[in-house]
Amino acid sequence: MIGNFRSVSTTLYARLRREPALMPRVTAGDVVLSEATLAHLSPEMRAMLAANDAHIAALPAIDPASLGRHLDIEKAWHAVHFIVAGTAWETDDSEPATLCVLGGDECGEDAGYGPARLHGPAAVAAIAAALPAADSLRPRYDPAAFERAEIYPGHWETAPIDETWDWIAGAYDQVRALYREAARAGHAVVVWID
């Protein structure tokens with residue numbers, strides 16, 4: 001499970017709210033598999049990938065200029081949510097920082113692990129303003145608590161504490177930067193797990 005974030009223009013945000021079926025144009029990414037990689041896939045998997053590509057190609061186009069920066073924080077998404085929200089899955093609308101990973105309005109079909117979620121420009125600004133510096137979150141990193149809460153990807157108590165914190169803090173800093181950039185531009189943010 002990989003955590004993804006992308007800033008989008010307000011025009012695209014409004015279009016996605018009206019036409020949620022366009023979401024794969026935002027979430028599909030630019031991955032092109034080599035012939036060598038494709039050769040190792042089963043015929044069923046190759047057929048599934050081809051059908052998905054055909055589905056996306058059939059969707060109405062979106063203006064590439066409306067797509068902002070894409071951020072992939074890999075498997076750190078759940079840890080980032082946990083250090084900010086203090087819970088494994090819950091968010092709190094009265095605390096905008098808790099919405100940065102698992103909040104927002106669902107939009108479109110399943111992107112891998114549920115639908116993508118949209119944060120409008122006002123929500124992005126509130127989240128950006130509420131996200132503290134990573135250093136202030138360091139006391140929340142407790143490997144035993146991460147294990148008890150079953151935070152993905154697991155094995156928190158056996159991983160080196162300082163290196164693991166650096167990995168989480170690095171991912172968090174990237175998420176914070178994306179929200180701050182999007183807020184300065186007046187953009188929306190799309191979040192999805194695939």
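Considering only the stretch 94-116, state which residues are modelled with pLDDT under 95 and of a type outside the set (A, V, I, L, M).
The answer is G108, E109, D110, G112, Y113, G114.
Only one of these is outside any loop (DSSP other than H, G, I, E, B) and either over 13 Å from W192 (Cα atoms) or among the hydroxyl-bearing types (S, T, Y) (or both): N52, N4. Name it.
N52
Anything in the stretch 85-116 that is under 21 Å from P24 (Cβ atoms), hydrophobic (A, V, I, L, M, F, W, C) and part of a loop (DSSP other than H, G, I, E, B)? List them, or say none.
V101, L102, A111
Kindly indicate the residue of the stretch 5-60 that is touching a Ser or Thr at 6+ places or on another chain (Cβ under 7 Å) and under 28 Å from A76 (Cβ atoms) and also surrounded by the fewest Cβ atoms within 10 Å (Cβ to Cβ) among those meeting that condition. Even if it seems obvious, please write down each step before you answer.
The first filter runs over the stretch 5-60 and keeps only residues touching a Ser or Thr at 6+ places or on another chain (Cβ under 7 Å), leaving 8-9, 11-12.
After this cut, where a residue has to be under 28 Å from A76 (Cβ atoms) as well, the list is 8-9, 12.
Working: V8: 23, S9: 20, L12: 23.
Result: S9.
Return only the number of the condition from (1) crowded, with 18+ Cβ neighbours inside 10 Å; (2) within 13 Å of I83 (Cα to Cα) that D135 does not satisfy.
Looking at each condition in turn, D135 falls short on (1).
Quick check on the stretch 149-167. Is at least one of its residues closer than 19 Å to L99 by Cα, surrounded by 14 or more Cβ atoms within 10 Å (Cβ to Cβ) and hydroxyl-bearing (S, T, Y)?
Yes: one or more hits.
The values are calculated or read from the model by the stated rules, or taken from the named source; none is laboratory data. Model, not experiment: these values are computed from the prediction. A quick note on method: Cβ atoms are made from the backbone with ideal geometry, for glycine too, and the neighbour counts reach across all protein chains shown.
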